[in-house]
1. Of all residues in segment A:93-143 being part of a helix (DSSP H, G or I), open to solvent by less than 30 Å² (accessible area, probe 1.4 Å) and out of contact with any Lys or Arg (no Cβ under 9 Å at 6 or more places or on another chain), which is farthest from residue A:46 (Cα to Cα)?
2. Please list, ordered by residue number, the helices (runs of 4 or more DSSP H) wholly in segment B:206-309 having 2 or more residues that are more than 14 Å from chain A (Cβ to nearest Cβ) and free of Cβ contacts under 8 Å to residues at least 40 places away in the same chain.
3. Which helices (runs of 4 or more DSSP H) does segment B:1-80 wholly contain that include 2 or more residues that are crowded, with 24+ Cβ neighbours inside 10 Å and within 14 Å of chain A (Cβ to nearest Cβ)?
4. Given the residues A:180, A:192, A:158, which is the only one that is free of Cβ contacts under 8 Å to residues at least 60 places away in the same chain and either open to solvent by 10 Å² or more (accessible area, probe 1.4 Å) or of a type in the set (A, V, I, L, M) (or both)?
5. Could you run through segment B:272-292 and say how many residues are open to solvent by less than 10 Å² (accessible area, probe 1.4 Å) and more than 22 Å from residue A:314 (Cβ to Cβ)?
6. Could you list, in sequence order, the residues of segment B:174-217 that are at positive phi and either within 14 Å of the chain's Cα centre (by Cα) or hydrophobic (A, V, I, L, M, F, W, C) (or both)?
7. Quick check on my filter: what residues within segment B:325-344 are open to solvent by 20 Å² or more (accessible area, probe 1.4 Å), facing chain A (nearest Cβ under 9 Å) and hydrophobic (A, V, I, L, M, F, W, C)?
8. For segment B:345-360: of the residues being of a type outside the set (Val, Ile, Thr) and in a strand (DSSP E or B), which is nearest to the other protein chains (Cβ to nearest Cβ)?
2 protein chains.
Amino acid sequence: MVGGGQLARMTCQAAIPLGVRFRVLADSPADSAAQVCAATTVGDYRSLADLQDFAAGCDAVTFDHEHVPAGHLQALERASVPLHPGPAALHHAQDKLAMRRHLTGLGVPCPRFAPAPGLPEIIDFKEMSRGWPVVLKATRGGYDGKGVWVCETPGQAAEVLGYGIDLMVEEHVPFEAELAVLAVRSPFGQGAVYPVVQTVQRDGICREVLAPAPGLAPSLAREAEALALRMAGELGVTGLLAVELFLADGRLLVNELAMRPHNCGHWTIEGARTSQFEQHLRAVLDLPLGVTAMAAPHAVMANVLGGSDGDMLGRLHHVLAADPALRVHLYGKAMRPGRKIGHVTALGPDLAGLRRRAQAGAAYLRWGEAAAEAEPADIEPVPAVSPAGKLGEGTRT
Amino acid sequence: MVGGGQLARMTCQAAIPLGVRFRVLADSPADSAAQVCAATTVGDYRSLADLQDFAAGCDAVTFDHEHVPAGHLQALERASVPLHPGPAALHHAQDKLAMRRHLTGLGVPCPRFAPAPGLPEIIDFKEMSRGWPVVLKATRGGYDGKGVWVCETPGQAAEVLGYGIDLMVEEHVPFEAELAVLAVRSPFGQGAVYPVVQTVQRDGICREVLAPAPGLAPSLAREAEALALRMAGELGVTGLLAVELFLADGRLLVNELAMRPHNCGHWTIEGARTSQFEQHLRAVLDLPLGVTAMAAPHAVMANVLGGSDGDMLGRLHHVLAADPALRVHLYGKAMRPGRKIGHVTALGPDLAGLRRRAQAGAAYLRWGEAAAEAEPADIEPVPAVSPAGKLGEGTRT
């Protein structure tokens, strides 16, 4: 796996029972995955030579992020390196404008979009769509809300244009909820899909994932699953495909996609019979896929963000004592405010109780100033998946 | 963890989400745990210098086996190395005669036993107990049926005496079933216990573990749990204590014990909310313990033993395709007939179906000649936990 972040760390964990000899190309021995992987290569994913050296002898090469240069991927493919996903598929996770164009061509519902080389094009786009605000996105390199700007005025758009990066513009979708669906496809062509989840973001960062999406109409869930499987096939994905969706006016719109393990699937480690990390390994190695059924009626995952207090052991001690059934995952990452440093998962029949437990655990593990968030009174309501009168089939559970 | 076998490998896996920097002292870089651990030291557990070097800087030192010389353990303890379990506790897992004497002194029910320095003592013992056969055991160093001999005649006993090792003699208990119970205790004194399981052995090697023990009377389950927790406290165990039990004439008798993760608890990886491996880490680091509740109504674990066919990838492919819900754990161990090279776990509501699936998966993964065992017709009945008329409270489930 190219990249040494927490996704590689958790994939490393999943490789152990499969007997897979897992290697990581990391920037540094201190990287999250490098700390736990028995076969770390320190190197630069922007260097073709480093990638070539790393790939030698691998049965499959896959990715923890989308940032490997496309030209390098093509060179590796020409040299018969078994890349999963391959460059043709990965192009659509690397370039948001290419993704939008391709998906629209396939008839996949997306927000309206246009290239945004300058302010006139943004003004034109605004006229044809919902008006202000509009969303500007870096076509490459964004993550966790970085590279996405909601612009209320031409002045704000001009400021973003001033950054000098390639941009596209999208309509600002007034969604009822954000959903995500995780599909997986093997080179052989076997596909599988996990239950649709609801994601709760704040400041562009995923805070909470609820599995399955509470109150989602079964017809919409089936539609989302079919969409993800179809996209995986049409795009030629090998490995995981995470599709982030808006639910707006009772319709599904594709927001973002990723071709790797994804934050929306961390709940699967304990909450599904096969974790997304094992599933990704099985897919990229062309092994038969595992069942995606849930192992509990509900699973709630909450991300742990960095705060400012370095006493993680003390906080861990407290959280394990307060909630001995909470599943805690720490990534071994250095503290930086707002950075994802871990996640917690709660499993069981009572969704509201699971949300309280997951949010309390995550807030307490957040180092420093954010401990007050642990108060149950601070739990936010889930954005409505099925507002009254809109989705007849939806029932809140 | 001292020792690089599969128990250390699976503990290494459990250390990742806890953010624990896990180190292994292995005999070789090819050891099961050394293959996956990011911080392996190659050294000799029989060398005090190697142990001292390895322990430097560790917050806790624990064990994958019982074979570290007692004198070394005492020397490390005198040097304030944080050993868990400590030498005083571990003595009772290392020396079976000392264990029997201590447990008998505590009023813990055990088979009748005696030291066996020579044939006269064995003959005397036979007169006082159930007669032939008797069981001779090496007081130290046995595992997986090694170091245990069922002797039908004085001639067979004389042959074992001829091996020149320290022996004890025990009555041969005509048990109805073999059970096991796994307790855990932290230095702080917190204790927890997993549901009692039934183990099925063949040729002295555990083949199958059924969790919870089917049909076991609740009163006996509570008695076994209380016994294990009491023993953990009385022996001063820190970490896991596995207690293997005979159920004979409706009574529980302690057969063997171990102070480490144990084969009888491999089902907990997916079948319990906290795996035995994570629990051991939490205990030896004096972190609060996790819940031991089951994550499914039943879990069945079957060991995969080595056969003679080296094409493990082909076999794995077949088993994953045939049973996409089966959990497969491979240990990365070189093939040797009869050696434990992995295990599989099946989870769900239908015990008979789970046993068929687990045995079929394990038999197919057994390299070579044993594939015929995969036939469901070969499934053996579970030895009766509650034979008719003996255990009134027992109901088969």
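The values are calculated or read from the model by the stated rules, or taken from the named source; none is laboratory data. Being a predicted model, the structure only gives us computed values, none of them experimental. Cβ: placed from backbone, ideal geometry, glycine included. Neighbour counts: every protein chain shown. Quick note on the areas: whole protein, heavy atoms, side chains included, nothing else; ligands and nucleic acids left out. Shrake-Rupley method; radii C 1.70, N 1.55, O 1.52, S 1.80 Å.
1. A:122
2. Working: elements: B:218-234, B:268-271, B:276-284.
Answer list for segment B:206-309: B:218-234.
3. On the way: elements: B:6-18, B:48-55, B:70-78.
Helices (runs of 4 or more DSSP H) meeting the threshold: B:6-18.
4. Values: A:180 fails: free of Cβ contacts under 8 Å to residues at least 60 places away in the same chain; A:192 fails: free of Cβ contacts under 8 Å to residues at least 60 places away in the same chain.
After applying the criteria, what remains is A:158.
5. Residues in segment B:272-292 being open to solvent by less than 10 Å² (accessible area, probe 1.4 Å) and more than 22 Å from residue A:314 (Cβ to Cβ): 3 in total.
6. If we filter segment B:174-217 for residues that are at positive phi, which is where we start, we get B:189, B:203-204, B:215.
Within segment B:174-217, B:204 is the sole residue that qualifies.
7. Answer for segment B:325-344, where residues must be open to solvent by 20 Å² or more (accessible area, probe 1.4 Å), facing chain A (nearest Cβ under 9 Å) and hydrophobic (A, V, I, L, M, F, W, C): just B:325.
8. First, pick out the residues of segment B:345-360 that are of a type outside the set (Val, Ile, Thr): B:346-360.
Filter again for in a strand (DSSP E or B), leaving B:346-348.
Working: B:346: 10, B:347: 8, B:348: 10 Å.
Checked segment B:345-360; the qualifying residue nearest to the other protein chains (Cβ to nearest Cβ) is B:347.
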